[in-house]
Each structure stands twice: as structure tokens, then as C-alpha cells.
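FYI, it's all coordinate maths here, none of it is from the lab. No experiment lies behind these values; they were computed from the predicted model shown. Note: ideal-geometry Cβ built from the backbone for every residue, glycine included; neighbour counts use all protein chains shown.
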There are 2 protein chains.
Amino acid sequence: MLPSLRRILIGEPLATHRLSLERLSILGGLAVFAADALSSTAYGTEEIIRALVVAGSAAAAWVVPIGAAVVALLIVVVISYRQTVVEYPSGGGAYVVARDNLGVGPSLVAGAALQTSYILTVSVSVAAGVAAITSAWPALHEHRVAIGAGWILFMGLVNLRGVRESAAVFGVPVYAFITLMLALVAVGVGRFAFGALQPIEAQPVEAAAPLTMFLILRAFSSGGATLTGVEAVANGVPAFTHPSGPNAARVLGILAILLGTMFFGTTLLLHATEIMPSEQETMLSQLAALLFGRGWFYYALQVATAVILVIAANTSFAGYPRLTAFMAGDGFMPRQFANLGDRLVYSNGIVFLAVAASLLLAFFGGLVHALIPLYAIGVFTAFTLSQAGMVVHWLGKRNAGWRRSAVINAIGAVITGMVLLIVAVTKFTEGAWIVVVLIPLMIGVFRAIRRHYDYVAERLSLSQAGEVRPRRNLNLLLVGGMHRGTLEGLEYLKALTDEGRAIHLEIGGEPEPRIKRMWTDWEKDIPLIVLSSPYRSMIEPLIDYIESAKQDENYDTVTVIIPEFVVDTWWEALLHNHSALWLQVILRNIPGVALLNMRYKL
Amino acid sequence: MLPSLRRILIGEPLATHRLSLERLSILGGLAVFAADALSSTAYGTEEIIRALVVAGSAAAAWVVPIGAAVVALLIVVVISYRQTVVEYPSGGGAYVVARDNLGVGPSLVAGAALQTSYILTVSVSVAAGVAAITSAWPALHEHRVAIGAGWILFMGLVNLRGVRESAAVFGVPVYAFITLMLALVAVGVGRFAFGALQPIEAQPVEAAAPLTMFLILRAFSSGGATLTGVEAVANGVPAFTHPSGPNAARVLGILAILLGTMFFGTTLLLHATEIMPSEQETMLSQLAALLFGRGWFYYALQVATAVILVIAANTSFAGYPRLTAFMAGDGFMPRQFANLGDRLVYSNGIVFLAVAASLLLAFFGGLVHALIPLYAIGVFTAFTLSQAGMVVHWLGKRNAGWRRSAVINAIGAVITGMVLLIVAVTKFTEGAWIVVVLIPLMIGVFRAIRRHYDYVAERLSLSQAGEVRPRRNLNLLLVGGMHRGTLEGLEYLKALTDEGRAIHLEIGGEPEPRIKRMWTDWEKDIPLIVLSSPYRSMIEPLIDYIESAKQDENYDTVTVIIPEFVVDTWWEALLHNHSALWLQVILRNIPGVALLNMRYKL
């Protein structure tokens, strides 16, 4: 039953050689990897303005230079990463680049930072999407954790079906959102150019604090979250069709153009219309209502925004399993994360991500806004390490044009490093301090895992192994009574070996049980040994016998043959003692005992 | 860890030969088996009066003849059962007596009726005791299910420790209750005899219905529940010290005298004082306050009453496991119910009873008063069948005095049969109809279980079995890679057999895996077979190979040797794939495959 449920949910398994066919086109790649970055245009500008208006309405004018700085940062990061993806066609996320160029320590920092940020992205973006839904239907508010977890489960399942299915399912809303946002920006900028866009008369906001440099940097940090989607593309290079490096670079380029246009467009329009943050309505909603009225376009954009906020999590489902597969391949994560599942995706990573994000959501009761600073830090740590690694890479490679490439990556590293510092300082009390605790802990776990694998490998190594030596083994057949199953066991024992013994455990306390008298009628060669069990336990007398066989008769191993008969239904199974199962569970921990489970049909 | 927790909770196992020492004296037997019957004196008279006052205060005078009828019924049943326990020293409950004399059908009716009534007794009496506690501390009302389940768990544990421990733990409150009740009756009757007991001036109750014969019979039915404890003694005869039959008969005699005195004494006193039922206070509490004032005696009796109500359930813990052990011995219940546990009690019956009663309590939210009619019907069904069976028994035996014995049991059968009819008719709409549905269903289950065991026995029978025939077996050693564990596997394989094959599953898609090249350096005799797995599943290629070995090479069985290495801690276990476990789970359902699990330490 379970296998067929699995087929229905996930689909038929795909053959390993189809791996090269399960690739993403540029359009599909954009749908999978761009969702996270693009979704941030729905709230990025608003976050900046909200941070600024603490210093009064007039301070909101700073949104234009800050927005320009964010776009500039985006351009620097994308140019820098385009170089990385071409150099690392098998996947050039921060973990791999840092490992190859900076060493194990920095690579683990990048890995830990990215893992937290991927998991947080899922929780945070799903919570944001669910909040959009529960604003429309407040009755659903109390079910927000269940709705969020249900959505995460659904995304997990779609991703388990394979990367192409995920692109097909989530591509439509992504492109709908892009189209609507570009239309909004085009119409708005057009009307502004022809002088047909007037500022609204908003209530001026009183200044609660002076406009300091710290405030401006903090506003910039809030806008920096817009860049979070870029790293996922670099991790996912092998998911693209051939040539995967250049295709990934193209996706990064298109992403930068779209993101820059949408983000800076809305920033300009919000500045021109002087729209102010409100408790009841997002600023994007106010802008759309002003430009188009509350008609079909307005509602289409609202729906598309809610959907893209949730789908943003899909980028993590593409990035996280690849990252953990790399780390598992290096022995820093459990080996299972490197297994390709039925549909040629890293199923264990997908399942782990879904479970971890759902637990986080449940733990915080669906209110995860406070976690946002954490993931910005994770992403900028990864950016900085990745680009610093690329600088080292070019210094080592020294091919044609290496100087230019090194300079580009160095600029990227310095700028993202500075942003990391800004985010860390301005958001420290808002939760960024947690990262300082969490990342060393995670690195400790990674190293412990690696130590275990190293230990296992060393113990299993053949370097000090001797010859294959002969061994002495004793076969014991357990018999419960004199019946047909016992004869099957005897036939089997005799096929296995010429010698062997049958063992009967007498728990009723009879000195001369019936089986003892019947045995010789059926079997001459194999002796029957009756062990009496004064405490009705089957285990102790058997273990004593095994130990004495090993000690006194010099056997190296004892094989215990446990015949078990098979019934057809679960309720029939309830009617039997399952001694075979219990014996296996307990005997498996006795050293030098091998268990042979022989099942027979009635 | 689990075994030591078990030792702490339940105690050290007892040897089978100690069974004859784990017996109850007369005092202990009374403590275990009398609790249920004696506890009913706390509410029996009140139930009768409550049923009568529907026809007004004057109708309450009928309580004296009805009380006398209940005591007469008790005397008849006890005399009748004293004969049964002497004749059936290995346990003479209604199930056994009906089986031996009336046949399988009636015995299953008795078994089903008794099982329902034992389970219901636990739920109902624990609920009554918990209600007494939550009346005193209303804040606990919302935790009533948890308190009840906790108490059931505690009683289950005490009974798992053995029957003597249960008598020791629960004996004190039982004897305290007996002493206090006898004191109450003695003082009350003494004062009445000397004219020092005056009726209180209670508000007269208006008649809501005429005093009909139906009403009187219904009141009598309510009082009949007092007899429920008698059957448990008959079931438990082997639990008494030698001579167990006469000792059980003595316990029944003492029980009848105590029960008669306490029950009829309170009936007379409640009649003489003209105490009326109240919503706030039980009639027994009113009587004690009138006779002794609200001093230490009054409170001691209240506490003892609350405790005995809960302990009444202990009688079921003594009776139910013995009944199910009898039925399991006959193949009508799962065989596990006949297993003697560590402490020489039928542990599975105790556990099942505790779980079933707790679930019933939880299902009805701790309010199980409505279930009371159900268990009266179960008990009187058992009484009637048991005594009818005894009549048949005497007719067959025809020993000295058989006529007298047969007449006594016949009178018992007729009277309890009439009471059964009265209870069934007067309580039909109050829930007795459920029994009509439930008992046939249970009998269907009993018969289905028996059919399964008969089928298994027939299939396992040696009557048509031939000689032990020779068989061909192929040994396959699964190897994952070339490491020390593989050498251990080879050593083991060679100890087991001279021939055999090693199997490697290649899931990476490599045509010439590394192990293939290394194999011949280490092993010359055993060939290595590489199976490639295009869908990365370990199962399908292995099953195909096994099937072809059986079909094309004529092997009867294939033994798959699965080496598995053992790690020290649970977290290390998380870091490995557990292929060995998965292979075992799936291969165990393939016919003709034996699984050999060989574990090695690093």
C-alpha cells in the first residue's frame, strides 16, 4: 500500500541515466530560483521607508538614494556571481567556493550560515503569505500554523516529484507576478513622465527620532534582504541545461535586470506619490489602487503578491537540498542527504527542510517576523566568503584576464562584507546576535559528524587487515514444538550444514516435555537439546547456552536459526506471540551471534 | 534501561515453581474479591429508595421488603456458588461451568457477558470514586479523566506485581470500610432498639408517578447490582491457598454474612430515620452524621467510602485476567492472554483491562453512570448460565446427595434467571439493549479467533507430513564495498559453507566499479557478482537475481547474508543508511528467502 501511495504522490522512479534530461531551461530556472528574490520587491521599498519615517515624513525622501545603493549592490553581486557560476559548473555556492579556496573552517561558516538562511526563508515567506491570506479571511487566523505547515508539505511534495515539476507548477504565478509588476512600473513611470501623477495628501508623520547615519544604514540593511535569491542560483548550476554555467549566468543577468527594474521602479513611484506606510494596507496596494483604481488589475496584483510571497520558499527547496548534498558528500552532514531519490532530487534534504521549517513555524506560533534579521546575516556571510574565495581562486589560476576577474570579485567581497557589518551592527539587538551563538554550534555538529565518518573509515580500512581467516560456526535451530514448521526448519538446517543442533526452550516447567519423546521418530542426525527456563523467559537460557558454546567449545560465531510462520492479515498476526521477533530484537545485541530468520507459509 | 524500569515497577521475576506459594489466605481473598460487592453497600439502598420515591415519600417504605428480597437473592446465589467452587477447584466461573455442562454456545455467551461486566466495573467504579474526590475539590473536575486513568494505571501496576501484593496494598482500606460500616450498623440498630433513634423531619416528596409493580421491580433491579462481586470469587478459586475450593467457599460465606449485615442494616436504619435522597449529600453520609455527628467517625467513613468505591475495580483486575486466560486456553481469545507474566499473573489480561477501561472512561469523558445497567445484565447472565450448568453437572454425576445439590442450583438458576429478565425489561431503554447488540458481536470475534487457531493447527499438523527431505540452498553475501566488514562477512560465509557468492549492488551507474577490480586481490574462491541498479533501488535487482537462482539453478531456498556494523550511540546510528534494516524489512516477504543478519563491531 505504501509504495503505491508513494507512486501517486511522487510519481514513478526515474532512471539514473536520465539525470542529464532532468534539467531546467532558462525560463524554468528563473521560475525556480528567482521567486525568492522577486518576492522581496513586494515589501523591500516599504521596509526601507518604514525604517526612515521614524525620523518623520521628510526623511522618507532618503528612499531614493538608498534604493539606488541597493540596486548598485545587486549589480555588483550579480556581476561577481556570474563569474563564479561559469568557473564552477558543478555548483558554485559559497560552501563549495570557500572550501576549494579558503579551507574547511570558512566553508563550514558559509554552510552553517546558508543552512539557517534557507530554513528561515521557508518559515518567514510562508508565514508572510499566510498572513496575507488571514488578512482577507480573519476567521482563518487561528489556523495559521496548520495552513502554513500544509503549504510547506505541498511544496515539499511538488519538489519531491522533481525539479522540472516544481518549475512547471510554480512558474505560472511567478511570471504572472513579473508581468503585473512590470505593467505597474511602466504605467506609473509613463504617467509620471507626462506629469499625470500627483502626490497624494497623506497625513505627515511626526519625527520620533533624529535622522542619524545609523538610521540610514539600518534602512539600507532592511532593503538588502532583496538580494537573498542570488546564492540559490550559484548552488544550483548543475540543475540547468547544457551549457549549465553560462545558462546560470544568463539567469543571474535576467534576474538582476528584472529585480532592478521592479525594485527601483516601485521605489521611485512610492517617492513621487508620497505614499506613507499604513497599518491597514501595504504601500504596494496603495500604489496599485492609486494608479489603476480597485478594479481587476488591482485584485490580480494582490493575489499574485500573496502567492509569490509563499512561493518564495520554493527557492529554498531548490537550494537547500543541493547544499546539504555537497556537505554530506564531504562528510559534514549525514550521508543520507547525498542520496538521489526516486525522482533524481535529494529527497532527504527536501523532507528535512520541510520538517524543520514547519517546526520553526509551529514553535513561533506562525509569527516569525522577528527572524528576518537572521537570514539577511546568513546570506551576506555567504556572499562575502564566496567572493573572497573567488579572489583566491583567480590568484591561483592566473589565466587570461585573471586580474580583471579578481578585481570584480574583490569589489564584490569588500562591498558585501561591509553590508554584512552594517546588517550585523544595526540589527544586532533585533536578533542578529543569535547567529553568533548558532553558527559555532552548527559547525561543532558538522565537525562531530565528520569525525565519526573518519573514525568509521579508519576502522574499516583494509590497510592493516590480514588474510581472510577460517572460522568455526555453530548452527542452532530453535524449535517450539513438533509440527510441520519444525520439519521445514530441519530441511533448511540440513541444506545449510551437515552438523547443527536443535534447541527447545521448556517454559512450562515439565522435566520431560512431549517434544523430547517425539523427536527421534522424525530426526536421527540432529540432536535436540532441551533448555529449561524457570523464569519463563526465552532469552536467558539461550544466551547462557550460546556463551558456553563459544567459551567451552571454541566456536567463533553462533548462528541462531529462528523459524517463523507467516499469516495473511494483520489481525491474524495479533493472535500469535511473535517470539521470533522478540528473540531477534534481543539477540541482535549479543556479540558473535548471527540471526537467521526463516519464514514459512502455512 | 527498559528492563530495569520494569524491575522497579513490577519487581523481580518469580520462578514458575513458586506458583503454589503465590496464593491468597481467606483474609487476603476477601480483600481482593470482596471489594466490589462490599462497595455496593455504599449506594445500594439509596438506589432502591431513589427508584421508589418517584411515587412519593410513602412509597419509600417498600425499601424494607425489597431489601429483604435482595438479601434473600444473595443467600440463594452464595449457597449455589459455594457448591460450584468446591466442584471446580481449578476455577469455576460461569464460562468454565457453562462450557463443561452446556456446551460452547452458552459458554461464549457467559464469557462475553462477563468480559463486558468486568471492563465496565473498572470504568464505573473508578468514575464513582473520582466523582467523590471532585465533589470535595471541584477544581479537579476538568482533570477527572486523567485522574481516573492514572488510578487505573496504578491498580494495573499493583496487580502486575502479583496477586499477593494487590491484597496487601488494597486490604487496609477494605477492612477499614468493613469495620466502620459494621460500627455504624451496630450503633444505629442499638439506638433503635432502645428507642433512642427518632425519624428526622424531612420534606415529604410529591408523587410524580403511581406506585406500580413495574416501579417496584425496577427498584429491586437497582439493588441487584449489589451481587456483582460473587462471580469473581468463583473464577479465582486457584488463587486461594490449599484446599482452594473449600477456602473459596468460606470466603463466599463470610462475604454473604458481611454484605447481608451491612446492606440490610443500612436499609433498616434509613427506613427508620426516614432520610430522603438529596442532591447535595449521599444518604449514607446523612445517616452517619445523624448517628455520630460530623466528627472524626463521620469523616473516616466518608474517606473509606470514596476509597472503597475506587478499589471495587480491583476485583475486576483479579477476575478478568483469569477469565481471559481460560478463554485463551480454549482458543477463543488471543493466546497471549494465557501467558504467565514475570510475577505469575496473567499480565496481558491486566494490561488489556487497564487500557480498555481507560479508553472507555476517556470516550465517555469520565461520566459513565449510564453504563451501570449494562454490567448488571452481564452479571446476571453469568449467574443464570453458571447455575443452569451446575444442574446439568449434578444430573451427570449422580453422586451421594446429588439431588439436594441439583435442587439448590436449580432454585438459584430460576431466581437469577428471573432477576435477569426483570433487569433486562425494566432497564431496556436505559441501555440494556446495547447488550443485545454487543454480546453476539463479541461471540463472532471469539469464534473467528478459534477458527484461525484451528486452521493453523491443521496446517501445522504432522499427520500428513512426509519425511525430512533434502533441500538445495544458495548463500549470498551482500557486500557494499571493499572494507574490513566485508572480510568479516567472507570469514563467516566460509565457516557456514564451502560455496556461496558475493553480491554487490552498483547504484552509481558505473560499468566497472572499484570493488570489482579489488575483489580478486582478497578472495579467490567466492565469486563477486555485480548487479547494476538503474533506478538506484537495492531491492529489485536483488530480487530478480534470487528469483532466477531459484528458477534456473533449481535452488529451493536462498539465504541472504546481510552484514551490518554496529555503532555505539543513537546519534551515530542516525548517520548511516541502515540499508541492512531496509533490506530485511522488504526481503522478509519474499517466499523462499531466509535472512541472515550478521552484525560486527567497528
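Values as computed for the structure displayed
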read-out	value
Relative contact order computed over segment B:360-466 (Cα-Cα under 8 Å; 6+ residues apart), in percent	31
Vicinal HN-Hα couplings computed from phi for segment A:380-391 (Karplus, 6.51 cos²θ - 1.76 cosθ + 1.60; Hz; Gly/Pro x)	6, 4, 5, 3, 4, 5, 4, 6, 4, x, 5, 4
Estimated distance in nm for a label pair at residue B:582 and residue A:567, the labels positioned 7 Å out from Cα along Cα-to-Cβ	3.0
Chymotrypsin sites (Phe, Trp or Tyr not before Pro) restricted to DSSP loop in segment B:130-176 with at most 12 other C-beta within 10 Å	none
Pseudo-label separations to other copies for residue A:280 - Cα-to-Cβ vector, 7 Å, nm	5.7
Using a Förster distance of 22 Å, the FRET efficiency for residue A:547-residue B:602 (Cβ separation, nearest 0.05)	0.45
Chain A, relative contact order [Cα under 8 Å, separation at least 6], %	21
Overall form of segment B:488-602 per C-alpha gyration tensor (a/c, 1.5; a/b vs b/c)	rounded
5 angstrom amide H check on residue B:509, placed H, neighbours 5+ away	B:533
Label distances, nm, residue A:511 versus same residue in remaining copies, Cβ-directed 7 Å point	7.4
Where labels lie 7 Å past Cα in the beta-carbon direction, separation of residue A:436 and residue B:208 in nm	7.4
Where rotation carries B onto A, the chain B residue whose Cβ is nearest that axis, in whole Å	B:596, 2
Longest exposed-site-free window of chain A, the sites being GluC sites (Glu not before Pro) in a DSSP loop that have at most 16 other C-beta atoms within 10 Å	A:282-466
Paramagnetic reach from residue A:459 in segment B:464-506 [backbone N under 13 Å; point 7 Å along Cα→Cβ]	B:484-485
Likely footprinting exposure, B:560, B:237, A:303, fewest C-beta neighbours within 10 Å first	A:303, B:560, B:237
³J(HN,Hα), Karplus 6.51/-1.76/1.60, whole Hz, each residue of segment B:15-20, x for Gly, Pro	5, 4, 5, 7, 3, 6
Ascending count of other beta-carbon atoms within 10 Å, so fewest first, for A:57, A:316, B:405	A:57, B:405, A:316
Between helix A:244-273 and chain A: long-axis angle, C-alpha atoms, 0 to 90°, nearest 10	50
Residue B:194-residue B:407 FRET efficiency (beta carbon distance; Förster radius 45 Å; 0.05 resolution)	0.60
Among the listed pairs A:494/B:494; B:550/B:601; A:550/B:550; B:524/B:601; A:516/B:494; A:550/B:601, those beyond 24 Å (Cα-Cα)	B:550/B:601; A:550/B:550; B:524/B:601; A:516/B:494
Extended-chain gain in nm, criterion 0.36 nm per residue less alpha-carbon gap, residue B:68 and residue B:429	127.3 nm
Inter-chain shielding of B:507-516 (mean C-beta neighbours from other protein chains, 10 Å cut-off)	1
Interchain or long-range residues, amide H under 5 Å from residue A:477's placed H	A:501, A:502, A:503, A:561
Sorted by Cβ neighbour density within 10 Å, fewest at the top, the residues A:386, B:579	B:579, A:386
Phi-based couplings in Hz for segment B:147-161 (Karplus 6.51, -1.76, 1.60; Gly and Pro marked x)	5, x, 5, x, 5, 4, 4, 4, 5, x, 4, 4, 5, 5, 6
Hypothetical label at residue B:447: residues of segment B:89-104 whose amide nitrogen lies under 14 Å (7 Å Cα-Cβ projection)	B:104
Segment A:17-137: relative contact order as a whole-number percent, Cα under 8 Å and 6+ apart	9
Simple label model, 7 Å out from Cα along Cβ direction - residue A:140 to residue B:535, nm	3.7
5 angstrom amide H check on residue B:565, placed H, neighbours 5+ away	B:600
Ascending list, in nanometres, of distances separating the residue B:182 label from those of the other copies (7 Å, Cα toward Cβ)	9.9
